[in-house]
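One structure below.
The values are calculated or read from the model by the stated rules, or taken from the named source; none is laboratory data. It should be emphasised that the depicted structure is a prediction, and the values quoted were computed from it without experimental measurement. Heads up, the Cβs are rebuilt from the backbone with ideal geometry, glycines too, and the neighbour counts pull from every protein chain shown. Side chains included, ligands, DNA and RNA excluded: accessible areas come from the protein's heavy atoms. Shrake-Rupley method; radii C 1.70, N 1.55, O 1.52, S 1.80 Å.
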Amino acid sequence: MSATAPEFNPAEITQWLQGQFEDAPAVGNALFAALYDELRRMARGHLRREAAGHTLSATGLSHEAWFRLAEQTRTAWRNRGHFLAVASMMMRRILVNHELARRAAKREAELLPVTLGALEQLALPVDRDVVAVHDALLALEAVDPRAAKVVELRFFGGLENDEIAEVLGISLATVKRDWTLARAWLHRALTA
């Protein structure tokens, strides 16, 4: 947590998330400051898996996720872990939508003639396809929704196994088993 962020204990964060401080907008701002470092850490984790030169920054991704989460009115937040898990899922969706929009814009771009000599000068980065991972995760979700949720919380959310067990309300052994199964399933799906 940064030096300027106010100190909140987990009970205060849970109370705010459950709407007990609804009438105090300043608390929302202070809570954002308290959770900001964790949101940025998650955003950096998401962006580490992206190609170099991504147009979204960790700051931009954190803020966009916060704004979208602040608009949630029907979500019953259970605790800080639940909030951060949903924030991670939101960040993943933002990145997938960003990539789909980038691809759509690329298709609409004007085509330019390229000579064979110019092709050699292009240094194309290895494309880490967030859309392919997203599609594979959706396919896993159709087969085993809980295992897909474990992957999402661990890989994208950066949560530890014990935090995942708490968020999903399952045992630590079940989290480990689901993680092992999901890794093998996704590896097969992404390399086929």
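Filter the trypsin sites (Lys or Arg not before Pro) in the stretch 125-192 to those in DSSP coil with at most 14 other Cβ atoms within 10 Å of their Cβ, and list the result. Please list the in-between numbers first.
Details: sites: Arg128, Arg146, Lys149, Arg154, Lys176, Arg177, Arg183, Arg188; in loops: Arg128.
Of the trypsin sites (Lys or Arg not before Pro), the ones in loops of the stretch 125-192 whose Cβ has at most 14 other Cβ atoms within 10 Å are Arg128.
When the solvent-accessible surface of protein heavy atoms is calculated with a 1.4 angstrom probe, in what order do Thr180, Thr75 fall, highest first?
Largest accessible area first, the list is Thr180, Thr75.
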